[in-house]
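Single-structure report; data block below.
Values quoted throughout were computed directly from the atomic coordinates according to the rules given, and no laboratory measurement underlies them. From a predicted model like this one, the values you see are computed outputs, not experimental measurements. We place every Cβ from the backbone using ideal geometry, glycine too, and count neighbours over all the protein chains shown.
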Amino acid sequence: MRVYLDNAATTPLDPRVLKKMLPYFTEKFGNPASIHALGQEAFIALEEAREKVANILKAPKDSLVFTSGATESNNFIIRGLALANKNEKRKRIIISAIEHPCVREAARRLMVAGYTIDYVPANKEGIVTAKALENLIGDDVLLVSVMMVNNEIGTIQDIKKLATIAHRFGAYFHSDAVQAVPYLNIDIKALKVDFLSLSAHKFYGPKGVGLAYINPDIKMQALIVGGGQENNLRSGTHNLPGIIGLSEALYLAYRERDEYLKRISKLQKYFWEKLKQEIPEVLINGSWEKRVPANLNVRFRYIEGEAILMDLSQKGICVSTGSACSASDLRASYVLKEIGLDKNYLNSNIRFSFGRFTTKAELDYTIKALKQTVKRLRAFSPIN
Ligand SMILES: Cc1ncc(COP(=O)(O)O)c(C=O)c1O
């Protein structure tokens, strides 16, 4: 049996999405920038895809910039804003201490442009509180960036509340919402964010395509310059099949959301209860209540997560110890360190991330395999 419980790393392309994309590789291959009929056909498809996304996110059409993924969106938003404002007074950027590395690195590299980067902490539940942000913010802050859902522990932040605080101090607010689709309602107007990032491959769309919402009233500097596509904000020939795929994947995710949420919440609860029942000394990382139903991040006392991962992999089960981008990096997770985990447990975590195709039978198989794996590894653990 092959079991895929790493949907936070990436998801398979939905065959319905692929079907929508295929004509744009072959007969409808035109460049949306071309004036002839084939180009215009592509242009119309591009703008229809943008409209579809705008309707779901309740955002103006001209505020959406298609990118190559959330790494690019996050880099563009943070660096593009800071570089456009480098001669202004506000010289501080606040990001949460549990942001994805592409937010951390994009911000950190602005220090050479004269910016100071401050980190708003998360509490032991994995939540960034209003109080924590209020303690740090001031009139010298240009941007606050807090992710909607954490990629390692799945915790949910109160974005509207945090954005309101940022605005009270005249700062802009960005949220990396990559892990939030379709678990949270991403209504841009209601959330009061100025910037937001998404990535299609996290919601059964293709890899290599993403989205940046940019409040059109805010001064930005493009990072990728050239032919002036996307309102001069992101040059380069459009990845039209990818953009069609993103819009269809987002549409399906929200159309089928209610049913899906019911099903996945049930699976998550079932798995956690069963895990506690079958395996001693397993603890959850981060809040149980304020967590998306796709995520369960736990630690198994006395053993290394990496050893569990390898053993499960041999049994056909794909899980992760943290985020995919640091899968080859055996250093302890900074997210778990941030939420105050004892150093003995920083390397003993496993992230199970469920998805659209996860079944109860797969979870039963995983529990059975885990029981054997954990028992075997604990038998020769030096810290047991
Ligand atoms: C929270 C978060 N932000 C950003 C990214 C990067 O997205 P992409 O793979 O589209 O570059 C990821 C992907 O792992 C993520 O989980």
What distance in nm separates the simple spin-label points at LYS61 and ARG2, each placed 7 Å from Cα in the Cβ direction?
-> 4.1 nm
Which value in nm describes the separation of the simple spin-label points at THR359 and LEU22, placed 7 Å from the Cα toward the beta carbon?
-> 2.5 nm
Reach of LYS124 by Cα under 17 Å, taken over aspartates and glutamates that are not fewer than 8 positions away in the same chain | GLU99, GLU152, ASP158, GLU289, GLU338, ASP342
Could you calculate the contour length gain from ARG168 to ARG376, that is, 0.36 nm times the residue separation minus the distance between their Cα atoms, to one decimal place in nm?
-> 69.4 nm
Quickly work out the LYS124-to-ALA84 label distance, labels modelled 7 Å from Cα along the C-beta direction, and quote it in nm with one decimal.
-> 4.2 nm
Could you tally up the Lys pairs in the stretch 243-384 with alpha carbons closer than 20 Å? Skip any pair fewer than 8 positions apart unless they're on separate chains.
-> 29
Roughly how big is the chain's charge dipole about its Cα centre, with Cβ charges of +1 (Lys, Arg) and -1 (Asp, Glu), in debye to the nearest 20?
-> 760 debye
Say we join alpha carbon atoms closer than 10 Å with springs in a Gaussian network model of the chain; which of GLU99, GLU152, GLU230 then has the biggest fluctuation?
-> GLU230
What residue among THR321, THR237, THR155 shows peak mean-square fluctuation when the chain is described by a Gaussian network model with Cα springs under 10 Å?
-> THR237
Under the Karplus curve 6.51 cos²θ - 1.76 cosθ + 1.60, θ = phi - 60°, whole-Hz ³J(HN,Hα) for the stretch 262-272, x wherever Gly or Pro sits | 4, 5, 6, 5, 5, 5, 4, 5, 4, 5, 5
Which ordering of LEU110, LEU250, LEU283 is given by a fewest-first count of other beta-carbon atoms within 10 Å?
-> LEU283, LEU110, LEU250
Relative exposure of THR164, THR11, judged by other C-beta atoms within 10 Å (fewest first) | THR164, THR11
Here FRET efficiency (C-beta to C-beta, LYS276 to ILE117, R₀ 41 Å, nearest 0.05) is 0.55
Base-10 log of normalised Debye intensity for the chain (one unit scatterer per alpha-carbon) at q = 0.12 Å⁻¹ | -0.93
Cα-derived Rg to Rh of the stretch 242-283, Kirkwood definition | 1.29
Length gain on complete extension for the stretch GLU47 to ASN135, per 0.36 nm per residue less the alpha carbon to alpha carbon distance?
-> 27.4 nm
Hey, what did the chain get for relative contact order, percent, Cα under 8 Å, at least 6 apart?
-> 23 percent
Spatially proximal aspartates and glutamates relative to LYS161 (Cα-Cα < 12 Å; intrachain offsets below 8 disregarded) | GLU134
The stretch 108-173 and the stretch 260-283: distance between their alpha carbon centers, rounded to Å = 31 Å
Show that you can apply the helix-only estimate: for the chain, add -39,500 (n - 2.57) for every DSSP H stretch of four or more residues, divide by all residues, and state [θ] at 222 nm to the nearest 500.
-> -11500 deg cm²/dmol
Of all the stretches in the chain, which is the longest one without any exposed loop site, taking trypsin sites (Lys or Arg not before Pro) in a DSSP loop (any state but H, G, I, E, B) with at most 10 other Cβ atoms within 10 Å?
-> 90-218
Straight-line reach from LYS20: which lysines have Cα under 19 Å away, leaving out those fewer than 8 places along the same chain?
-> LYS28, LYS52, LYS202, LYS207
Other-chain or far-sequence residues with amide H under 5 Å of GLY322's (modelled H) | ARG351
Could you work out the local net charge near PHE76, counting Lys and Arg as +1, Asp and Glu as -1, over the other residues with Cβ closer than 14 Å to its Cβ?
-> -1
Mean projection area, nm², convex hull over Cα of the stretch 258-384 | 7.9 nm²
Taking a label point 7 Å from the Cα of ASN231 along the Cα→Cβ vector, which residues of the stretch 128-153 have an amide N closer than 20 Å to it?
-> 143-144
